[in-house]
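Trainee: Questions regarding the structure given below will be posed in turn.
Each reported figure results from applying straightforward, stated rules to the coordinates on display, with no laboratory input. Given the structure is predicted, the values throughout are model-derived calculations rather than measurements. Glycine gets a Cβ as well: all are built from the backbone with ideal geometry, and neighbour counts include every protein chain shown.
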Amino acid sequence: MKTVFLYALMVLVLTLPAAASATDWQPSEEVKPYAITGRTGMELYQSIGERGPQVGPGRVIAHTTFKLTWTRKYEQQGSACTLTFAKPKLIIIYTLPKAPGDLPAATKASWDSFLAGVRTHERWHGETIIEMVKEIEALSNGFSVANDPGCKKIRPELTVRLGELSNKQRQQGRDFDRVEMSEGGNIQQLILKLVNGP
């Protein structure tokens, strides 16, 4: 059982008035709980194995995804095309297990500790997504391609650059998970405390 990081990238381009400029933005968050059953830590963990979200070939404890859309404005500046406005709308989606509300007190304490650790792990992934989007925003605003009448070259060129940032963020997530889920790592410790508890 492991926690994984997924992401989905969607791009939306809108036409804006010429006077528009980039403004501050804030990401939003959604939590998608999935119900599990059990009265002990071991039963709760077994239920996660049976009901956790399906990711790839198996089920996981939790995962983080995102939806990202952009409002962009491209302008012809002489023979060059410049991206003069790029503002993201980012929704980070956390899928987390939800235990029964009437757990015995000792089990509830173990569960709360476990879930807090899982949330911390997933929030790290969320923060790296936010950092990636900020880097994309910084790269996008003012991005220009010479000799691009009709702004046809700029989009594929921008896609290549953004792919590099996305790949960097994915690698960060893989490296983080490798450490967290290694023998004696944080996630393993959280699981052991839960299943060995009440």
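Trainee: Counting Lys +1, Arg +1, Asp -1, Glu -1, what net charge surrounds Tyr74 among other residues with beta carbon under 14 Å of its beta carbon?
Mentor: Overall, the nearby charge balance is +3.
Trainee: Something else about it: For region 2-196, give me the percentage of DSSP beta bridges that are antiparallel, rounded to the nearest 5 percent.
Mentor: In region 2-196, DSSP labels about 65 percent of beta bridges as antiparallel.
Trainee: Nearest 20 debye, what's the magnitude of the dipole of the chain about its Cα centre given +1 on Lys and Arg Cβ and -1 on Asp and Glu Cβ?
Mentor: Here the chain has a charge dipole of around 360 debye.
Trainee: Arranged by the count of other C-beta atoms within 10 angstrom, fewest first, what order do Arg170, Arg72 take?
Mentor: Starting with the residue having the fewest Cβ neighbours, the order is Arg170, Arg72.
Trainee: I've got another one for you. Projecting each Cα onto the charge dipole of region 58-117 (Lys/Arg +1, Asp/Glu -1 at the beta carbon, about the Cα centre), which of Thr64, Ser79, Pro97 comes out farthest on the positive side?
Mentor: Going by the charge dipole, the pick is Ser79.
Trainee: Using R₀ = 41 Å, calculate the FRET efficiency as 1/(1 + (r/R₀)^6) where r is the Cβ-Cβ separation of Arg51 and Lys168; round to 0.05.
Mentor: 0.80
Trainee: Compute the convex hull volume of the Cα atoms of the chain, divide it by the residue count, and report the result per residue in Å³ as a whole number.
Mentor: 120 Å³
Trainee: Next question, about the same structure. For the chain, take the longest principal axis of its alpha carbons; what is the angle in degrees between that and the long axis of helix 41-51, to the nearest 10 within 0 to 90?
Mentor: The two axes meet at around 50 degrees.
Trainee: What net charge do the residues around Tyr34 carry, taking every other residue with its C-beta under 15 Å from that of Tyr34, with Lys and Arg at +1 and Asp and Glu at -1?
Mentor: Here the count lands on +2.
Trainee: Helix 186-196: angle to the longest alpha-carbon principal axis of the chain, degrees 0 to 90, nearest 10?
Mentor: Computed tilt is about 30 degrees.
Trainee: With 10 angstrom as the radius, rank Asp112, Asp177 by how many other C-beta atoms surround their C-beta, starting from the fewest.
Mentor: Least crowded to most crowded, the residues run Asp112, Asp177.
Trainee: Something else: GluC sites (Glu not before Pro), restricted to region 106-193: which are DSSP loop and have at most 11 other Cβ atoms within 10 Å?
Mentor: Glu183
Trainee: Report the convex hull volume per residue for region 36-99, counting only C-alpha atoms, in Å³.
Mentor: Convex hull volume per residue, Cα atoms: 91 Å³.
Trainee: Compute the signed sum of charges (Lys and Arg +1, Asp and Glu -1) over the other residues within less than 14 Å, Cβ to Cβ, of Leu90.
Mentor: Taking every Cβ under 14 Å from that of Leu90, the sum is -3.
Trainee: Step through the table entries Lys67/Lys153; Lys67/Lys152; Lys87/Lys152; Lys98/Lys168, compare each Cα-Cα distance with 28 Å, and write down the pairs that go over it.
Mentor: Violating the 28 Å limit, Cα to Cα: Lys98/Lys168.
Trainee: Among Arg155, Arg161, what is the fewest-to-most ranking by other Cβ atoms within 10 Å?
Mentor: Arg161, Arg155
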